[in-house]
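Below is one structure, written out as structure tokens; comments come after it.
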Amino acid sequence: MNRSPSAWRGPELAAREDEWIHRLTADEVAELEDAHAQWRARGAGTMETMTRLDFPLPRFGRVLAALGEEIESGRGFGFLRGLPVGRWGVEASRDIYWGLANHLGAPVRQNARAERLVKVRDEGGAEKATSRAPQSRSNLNFHSDFCEVVGLLCINAAKSGGVSRICSTHAILERMEAEHPEYLPVFEQGFHFFRKGEEAVGEPPVSARRLPMLDRSGKLPMFLYWPGFATQGAHFSGVPLTQLEKDALSFVNRVACDASYHLDTHFQPGDVQFLNNYRITHSRTEFEDWPEPERQRYLERIWLRTSEPRNLPPGFTDLHGPNSLLEGFPIVPPELVAERELALQALSQRLAAGAAPQMYLGSSGPLEISGSPAAGR
């Protein structure tokens with residue numbers, strides 16, 4: 001059977017890992033170190049002001065260009081192994097990771113605090129409506145991140161578990177088309193999106209319109225799978241999911257969890273993984289951490305916007321506000337995020353007590369949050 005490279009199956013790739021893992025050579029490591037040393041010597045600014053031009057990689061840059069092609073139009077992901085992060089230390093590792101990532105795209109904001117490089121590790125704390133699951137040690141269900149490409153650099157691996165699990169959404173869609181074609185328009189119509197208190201000022205906390213997850217107008221399908229945000233959008237908005245919508249969301253996760261579809265990538269210190277969120281859905285298994293803080297599981301995450309031109313359906317990029325998928329999270333004052341969080345917690349308590357699930361969607365509702373537009377705006 002001739003299958004598109006983007007519609008791969010996990011076991012096939014697991015048996016041919018030399019095809020998708022690029023192991024850095026000593027010369028490539030030396031070139032990265034030299035670029036970093038020259039950047040430091042110039043005193044050109046902070047890591048977040050560094051651009052691709054500030055971090056020239058005349059030879060390894062060609063490897064990264066080929067990796068970018070693979071991420072965009074091939075398997076949809078790339079994997080590097082062998083950055084000597086133990087020798088470099090955390091600060092230099094972050095700098096070099098930022099520098100090489102700029103050869104694949106432009107870093108964008110990952111939260112309302114405008115962070116463009118985010119630590120992923122267990123931070124404990126109670127679950128709440130606005131919590132981010134990556135900052136825990138629990139299992140993560142399959143999902144897409146809110147950017148074009150997500151990168152992860154492993155500084156420390158867990159004592160056990162914490163396996164990164166990835167799956168081709170193109171392969172899932174092929175099975176969907178064969179078995180349940182009625183689900184395809186469900187994802188093209190989309191869902192109301194819950195913004196976890198990080199919406200742009202003037203935007204409602206649940207998207208007023210349905211935001212599509214799927215676009216099939218191009219050569220390859222583009223699928224952003226965010227089931228938790230759709231479920232919470234229905235929960236808070238009072239627009240419950242239909243049985244068809246529930247079944248469609250469940251189907252994708254069920255296929256992705258099938259061992260004949262997903263690929264397990266076992267992070268080692270110095271590994272870097274880049275995923276095209278339009279082509280790949282990913283999850284993580286629960287993990288046990290080391291007792292010593294300095295050894296605990298720790299990754300650095302970067303979100304990238306590529307230079308590829310795209311024709312996208314209306315609303316496809318408007319997750320946290322207009323064009324936020326491409327530009328990153330809107331910047332929201334910390335006090336406003338905290339105020340929204342309290343309002344969401346109060347609403348959650350009312351819902352738990354049996355109150356009717358209503359929320360602002362385009363006209364005023366019981367959840368009053370500063371910065372929300374007035375009725376009819």
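The values are calculated or read from the model by the stated rules, or taken from the named source; none is laboratory data. Source: prediction; values computed, not measured. Positions of Cβ are generated from backbone atoms using ideal geometry, with glycine treated the same way; all protein chains shown enter the neighbour counts. Accessible surface is based on the protein model in full, side chains and every heavy atom, while ligands, DNA and RNA are left aside. Shrake-Rupley method; radii C 1.70, N 1.55, O 1.52, S 1.80 Å.
Data for the structure
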quantity: Neighbours by Cβ (under 6 Å, 6+ apart or cross-chain): first from the stretch 245-258, within 18 Å of Ala178 (Cβ to Cβ) and at pLDDT 95 or above; second part of a helix (DSSP H, G or I) and open to solvent by 60 Å² or more (accessible area, probe 1.4 Å); calculated: Val255/Arg175
quantity: Condition met for Glu286 (acidic (Asp, Glu), within 30 Å of Arg350 (Cα to Cα) and either surrounded by 15 or more Cβ atoms within 10 Å (Cβ to Cβ) or modelled with pLDDT under 95 (or both)); calculated: no
quantity: Answer residue from the stretch 106-138, given it is of a type in the set (S, T, N, Q) and at pLDDT 80 or above and is surrounded by the fewest Cβ atoms within 10 Å (Cβ to Cβ) among those; calculated: Asn111
quantity: Options Ile369, Ile280: the member that is surrounded by 18 or more Cβ atoms within 10 Å (Cβ to Cβ), aliphatic (A, V, I, L, M) and at pLDDT below 85; calculated: Ile369
quantity: Residue within the stretch 23-44 that is of a type outside the set (Ser, Thr, Tyr) and within 30 Å of Tyr261 (Cα to Cα) present; calculated: yes
quantity: Meets criteria (crowded, with 21+ Cβ neighbours inside 10 Å and under 30 Å from Ser260 (Cα atoms)) for Gly82; calculated: no
quantity: When residues of the stretch 322-346 are limited to those that are touching a Leu at 6+ places or on another chain (Cβ under 8 Å) and closer than 22 Å to Trp226 by Cα, the one modelled with the highest pLDDT; calculated: Leu325
quantity: Meets criteria (of a type in the set (Ser, Thr, Tyr), crowded, with 21+ Cβ neighbours inside 10 Å, under 20 Å from the mean Cα position of the chain (by Cα) and under 25 Å from Pro240 (Cα atoms)) for Ser207; calculated: yes
quantity: Filter result (of a type in the set (D, E, K, R) and surrounded by 12 or more Cβ atoms within 10 Å (Cβ to Cβ)) within the stretch 19-44; calculated: Glu28, Glu31, Glu33, Asp34
quantity: Selection from the stretch 211-236 of residues that are under 26 Å from Gln345 (Cβ atoms), touching a strand residue (DSSP E or B) at 6+ places or on another chain (Cβ under 7 Å) and open to solvent by 10 Å² or more (accessible area, probe 1.4 Å); calculated: Pro227, Gly228, Phe229, Gln232
quantity: Counted residues, the stretch 45-66 - those being open to solvent by 50 Å² or more (accessible area, probe 1.4 Å) and not β-branched (Val, Ile, Thr); calculated: 9
quantity: Hits in the stretch 190-202 - residues which are outside any strand (DSSP E or B) and either in contact with a helix residue (DSSP H, G or I) (Cβ under 9 Å, 6 or more places away or on another chain) or of a type in the set (Phe, Trp, Tyr) (or both); calculated: Gly190, His192, Phe193, Arg195, Lys196, Gly197, Glu198, Glu199, Ala200, Val201
quantity: Test: residue in the stretch 90-100 that is in contact (Cβ under 8 Å) with a residue 12 or more places away in the chain, among the basic types (Lys, Arg) and outside any helix (DSSP H, G or I); calculated: no
quantity: Pairs with Cβ under 9 Å, 6+ apart, first in the stretch 59-80 and outside any helix (DSSP H, G or I), second open to solvent by less than 10 Å² (accessible area, probe 1.4 Å) and acidic (Asp, Glu); calculated: Phe79/Asp271; Leu80/Asp271
quantity: Of all residues making up the stretch 1-18, the number that are open to solvent by 80 Å² or more (accessible area, probe 1.4 Å) and either in contact with a strand residue (DSSP E or B) (Cβ under 9 Å, 6 or more places away or on another chain) or over 30 Å from Phe223 (Cβ atoms) (or both); calculated: 0
quantity: One residue from Arg305, Arg295, Arg301, Arg310 being surrounded by fewer than 23 Cβ atoms within 10 Å (Cβ to Cβ) and farther than 25 Å from Arg121 by Cα; calculated: Arg310
quantity: Residues of the stretch 318-356 classified as part of a loop (DSSP other than H, G, I, E, B) and buried (at least 16 other Cβ atoms within 10 Å of the Cβ), total; calculated: 7
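Results for (1) under 28 Å from the mean Cα position of the chain (by Cα); (2) under 18 Å from Phe274 (Cα atoms); (3) in contact (Cβ under 8 Å) with a residue 24 or more places away in the chain; (4) in a helix (DSSP H, G or I), shown as yes or no for each residue.
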site: Pro5; (1), (2), (3), (4): yes, yes, yes, no
site: His22; (1), (2), (3), (4): yes, yes, yes, no
site: Val29; (1), (2), (3), (4): yes, no, yes, yes
site: Glu48; (1), (2), (3), (4): yes, no, yes, yes
site: Leu57; (1), (2), (3), (4): yes, no, yes, no
